[in-house]
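Visitor: Pasting in a structure now, in structure tokens, and then I'll have a few things to ask.
Values in this text are rule-based calculations from the coordinates and carry no lab data. All figures in this text were calculated on a predicted structure; none of them were measured in a lab. Please note: Cβ atoms are built from the backbone with ideal geometry, for glycine as well, and neighbour counts cover all protein chains shown.
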């Protein structure tokens, strides 16, 4: 049961990363071009990369879990 909860938590965190990235990009689009807008876009890019890493980690955990059962 703990494994299922851990996998659900990772999935929720990944979703949170992507939602935050979307919100930041929406905010950046409202700004005029400049350093603040660029910084927000870079932040969103990092959040998307974190989401990819989390998803890959989740898949690895899923494979390990299946091999153990």
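Visitor: Using per-residue counts of other Cβ atoms within 10 Å, averaged over each peptide, order 38-44, 28-34 from highest down.
Guide: 38-44, 28-34
Visitor: Next up: Using 0.36 nm per residue, how much length does the chain from residue 62 to residue 43 gain when fully extended, once their Cα-Cα distance is taken away?
Guide: The span from residue 62 to residue 43 would gain 4.0 nm if fully extended.
Visitor: Hey, rough spin-label estimate for residue 32 and residue 53, points 7 angstrom out along Cα→Cβ, what's it come to in nanometres?
Guide: In this crude spin-label approximation the distance works out to 3.6 nm.
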